[in-house]
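The structure appears right after this line, and notes come after that.
The values are calculated or read from the model by the stated rules, or taken from the named source; none is laboratory data. All of these numbers come straight from a predicted model, not from anything done at the bench. Every residue, glycine among them, receives a Cβ derived from its backbone with ideal geometry; neighbour counts consider all protein chains shown. Heads up: the accessible areas ignore ligands, DNA and RNA and are worked out on the full protein's heavy atoms, side chains in. Shrake-Rupley method; radii C 1.70, N 1.55, O 1.52, S 1.80 Å.
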Amino acid sequence: MLDHLIKGVTLVDGTGAAARVADVGIRDGRVAVVAPSVTEEARTQEEAHGLVLAPGFVDPHTHYDAQLFWDPYATPSLNHGVTTVAGGNCGFTLAPLHPDRPEDADYTRRMMSKVEGMSLVALEEGAPWSWHSFGEYLDALEGRIAVNAGFMVGHCALRRYVMGADAVGGQPSAEQLERMLALFHEAMDAGAWGLSTTQSSTHSDGDGQPVASRHAGPDELLALSRAVAEHEGTQLEAIVAGCLDQFDDAEIDLFVEMSAAAGRPLNWNVLTIDAAVPERVPRQLVPSERARKAGGRVVALTMPILTPMNMSLGTFCALNLIPGWGDVLGLPVPERIAKLRDPDVRAELLRRAGSKEAGVFRRLTHFGRYVIGDTYSAENEGLTGRVVRDIAAERGQEPFECIVEICANDRMRTVLWPMPTDNDPDSWALRAETWAHEDVLLGGSDAGAHLDRMCGAPYTTRFLGDCLRGRKLVGLEQAVKMLTDDPARLFGLRERGRVAEGFHADLVLFDPERIDAGKATLVHDLPGDSPRLDSKAIGVNAVWVNGVEVIRDDVVTGAVPGTVLRSGRDTRTVSTR
């Protein structure tokens, strides 16, 4: 007997094959039968005429490492059909932690709060922090999550464990490097997916210092990459400063050498596509071209939507990362307001914002295009939802000056929403062209991070809605493949990413006439009443993980059938040699 039968559904199986009407039966967590008509009895069944059944979506870049402890459903990703998440990215993981240094957990929490925009209170109150080894961290999640989750091991944690405070600023001795490698092998033996690391100039810890992995030299990075090659089903993920705009020659060399040394794919995040900067995409794909010749593979992640993202002059956000801005925006609020009201200071900030060194952050400095979000003072009443250029024109002010005055009235608490500058037809045409490249993969949501600033988790449903009823840049079958089988194959996931007999029953049932993502809204549902942006799923009827229903009509069922996906057992090697 089947556990559940879905009858008369339009099946889009993840392979790119044409959609077809079928009955799909689930038994013991797997797809048991796919046929034009299934007569076998089932404990439960549903008619699904007019609905689409697809494999569960795979998000290749998240930071759910902590959130899964207080939110085993990985919301809102699960609501939007994501059944498998890759965590432990950018060099940042919650394990390993040295058993003789309890202060390392505090350091890690403060680092994650700063670099990934996670609520410090939520980190302190929402996770048990009961582990030391990476395997113990994975065990702490086993059996209590609703999604499937696999984790890279972060380079910063490896360095901190072995080198202590010297991890920031120091170089490992030969003995320390051997200990680091032994610790790394132990993590991969326990199921870590491989190495994640960062060399990005934007990544600083809770003390404002460059994070530990930024101090690693090429020899250390290559030694760790070679260690990856010794384990089945492993990967590399890396971030460098050039990921934000354009790689320099040394960064290209590093990516190519790391992937070739490991004989494994290396993915990086995120490829920003903008027709106003036509030279960026060719430059960012040079590592991919060179890696294939050197026996490696370098894959660029890119988002298929424009991610809703807000800004603030009151708390840390992307504006702080513009050269020169962090010094001003990091001042105490009264001093910050005084500085920002100084015309000479504003002029210098705007000059730096428009310079080449600002890189991709130049996109955020078209201040006349900002929309005012939540406000908190009588002086700003009625401004929510208005465009800054219109307010500035009424007041006879320059747009940035106008923003400063509005934010000053709220003691810097005002929420600002930048309108994207790359929402033009040429940029979308360039995206569609770039998505077809063999080393470009959809992803980069950062779900679980930057919680009150951006909401990338719903990219799956928003993209499908756009493909079906919007720009229609990609057909439905190909769009589903890009969200399912493509990332599953990159990670070597065993029997996932397709709807096929014998595969794990990770499934999404949706209405093609309605599927979409709702507007990003601020909610206070984290531990400590901390805020985050959320987005409702539209048109998603149900989601199954390992054959168990976890979402019905955008509401979690309470079931936790997810698996901690461990390298080797749940992933096979994707060799580049």
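In table form, for the structure just shown:
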{"quantity": "Selected residue [part of a helix (DSSP H, G or I) and within 30 Å of Ala276 (Cβ to Cβ)] from Glu175, Glu251, Glu257", "calculated": "Glu251"}
{"quantity": "Residue satisfying all of: in the range 524-577; farther than 24 Å from Arg462 by Cβ and among the acidic types (Asp, Glu); least open to solvent (accessible area, probe 1.4 Å) among these", "calculated": "Asp570"}
{"quantity": "Any hit, the range 161-169, residues being touching a Ser or Thr at 6+ places or on another chain (Cβ under 6 Å), farther than 30 Å from Glu357 by Cα, open to solvent by less than 40 Å² (accessible area, probe 1.4 Å) and not hydrophobic (A, V, I, L, M, F, W, C)", "calculated": "no"}
{"quantity": "Qualifying residue in the range 12-20 (condition: open to solvent by 10 Å² or more (accessible area, probe 1.4 Å), charged (D, E, K, R), free of Cβ contacts under 8 Å to residues at least 60 places away in the same chain and over 12 Å from Arg498 (Cβ atoms))", "calculated": "yes"}
{"quantity": "Residue among Ala378, Ala358 that is open to solvent by 50 Å² or more (accessible area, probe 1.4 Å), at negative phi and free of Cβ contacts under 8 Å to residues at least 40 places away in the same chain", "calculated": "Ala378"}
{"quantity": "Flag if His450 is modelled with pLDDT of 95 or more, open to solvent by 20 Å² or more (accessible area, probe 1.4 Å) and not in a helix (DSSP H, G or I)", "calculated": "no"}
{"quantity": "Residue that is closer than 24 Å to Leu306 by Cβ and modelled with pLDDT of 95 or more, where the choices are Arg341, Arg389", "calculated": "Arg389"}
{"quantity": "Pairs where the first residue, in the range 90-111, is on the phi < 0 side of the Ramachandran plot and touching a residue at least 12 places away in the same chain (Cβ under 8 Å) and the second is in a helix (DSSP H, G or I) and hydrophobic (A, V, I, L, M, F, W, C), C-beta under 6 Å, 6+ apart", "calculated": "Phe92/Cys156; Thr93/Ala157; Ala95/Phe134; Pro96/Phe134; Pro96/Ala157; Leu97/Ala105; Arg109/Leu123"}
{"quantity": "Filtered residues of the range 69-109 (kept if open to solvent by less than 10 Å² (accessible area, probe 1.4 Å), aliphatic (A, V, I, L, M) and over 16 Å from the mean Cα position of the chain (by Cα))", "calculated": "Leu94, Ala95"}
{"quantity": "Within the range 185-221, considering residues that are assigned to a strand (DSSP E or B) and touching a Ser or Thr at 6+ places or on another chain (Cβ under 8 Å), the one nearest to Val360 (Cα to Cα)", "calculated": "Thr198"}
{"quantity": "Selected residue [within 17 Å of Arg27 (Cα to Cα) and within 23 Å of the chain's Cα centre (by Cα)] from Val545, Val574, Val555, Val540", "calculated": "Val545"}
{"quantity": "Residue in the range 260-267 that is closer than 28 Å to Asp424 by Cα and open to solvent by less than 10 Å² (accessible area, probe 1.4 Å) present", "calculated": "yes"}
{"quantity": "Filtered residues of the range 478-502 (kept if more than 25 Å from Ile305 (Cα to Cα) and surrounded by fewer than 21 Cβ atoms within 10 Å (Cβ to Cβ))", "calculated": "Arg494, Glu495, Ala500, Glu501, Gly502"}
{"quantity": "Neighbours by Cβ (under 9 Å, 6+ apart or cross-chain): first from the range 23-47, closer than 9 Å to Ala505 by Cβ and open to solvent by 70 Å² or more (accessible area, probe 1.4 Å); second among the hydrophobic types (A, V, I, L, M, F, W, C) and in a strand (DSSP E or B)", "calculated": "Arg27/Leu2; Arg27/Val33; Arg27/Ala42"}
{"quantity": "Residues satisfying the stated conditions in the range 78-112, i.e. over 19 Å from Met152 (Cα atoms) and either among the hydroxyl-bearing types (Ser, Thr, Tyr) or not in a helix (DSSP H, G or I) (or both)", "calculated": "Gly81, Pro99, Asp100, Arg101, Pro102, Tyr107"}
{"quantity": "Those residues of the range 327-344 which are open to solvent by 30 Å² or more (accessible area, probe 1.4 Å) and in a helix (DSSP H, G or I), in sequence order", "calculated": "Asp327, Val333, Pro334, Glu335, Ala338, Lys339, Pro343, Asp344"}
{"quantity": "Residue within the range 110-118 that is of a type outside the set (Ser, Thr, Tyr), within 29 Å of Asp554 (Cα to Cα) and open to solvent by 20 Å² or more (accessible area, probe 1.4 Å) present", "calculated": "yes"}
{"quantity": "Tally, over the range 463-477, of residues that are surrounded by fewer than 24 Cβ atoms within 10 Å (Cβ to Cβ) and part of a helix (DSSP H, G or I)", "calculated": "7"}
{"quantity": "Every residue from the range 189-205 that is under 13 Å from Gly154 (Cβ atoms) and in contact with a Gly (Cβ under 8 Å, 6 or more places away or on another chain)", "calculated": "Ala192, Trp193, Ser196, Thr197, Thr198, His203"}
{"quantity": "Residues being at negative phi, of a type outside the set (Asp, Glu) and either at pLDDT below 95 or more than 19 Å from the chain's Cα centre (by Cα) (or both) - total across the range 482-516", "calculated": "15"}
{"quantity": "Condition check for Glu289: acidic (Asp, Glu), part of a helix (DSSP H, G or I), at pLDDT below 90 and out of contact with any strand residue (DSSP E or B) (no Cβ under 6 Å at 6 or more places or on another chain)", "calculated": "no"}
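One line per residue, one yes/no per condition, for (1) among the hydrophobic types (A, V, I, L, M, F, W, C); (2) open to solvent by less than 10 Å² (accessible area, probe 1.4 Å):
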{"site": "Asp245", "(1), (2)": "no, no"}
{"site": "Met258", "(1), (2)": "yes, yes"}
{"site": "Pro278", "(1), (2)": "no, no"}
{"site": "Pro287", "(1), (2)": "no, yes"}
{"site": "Arg292", "(1), (2)": "no, no"}
{"site": "Pro308", "(1), (2)": "no, no"}
{"site": "Asn320", "(1), (2)": "no, no"}
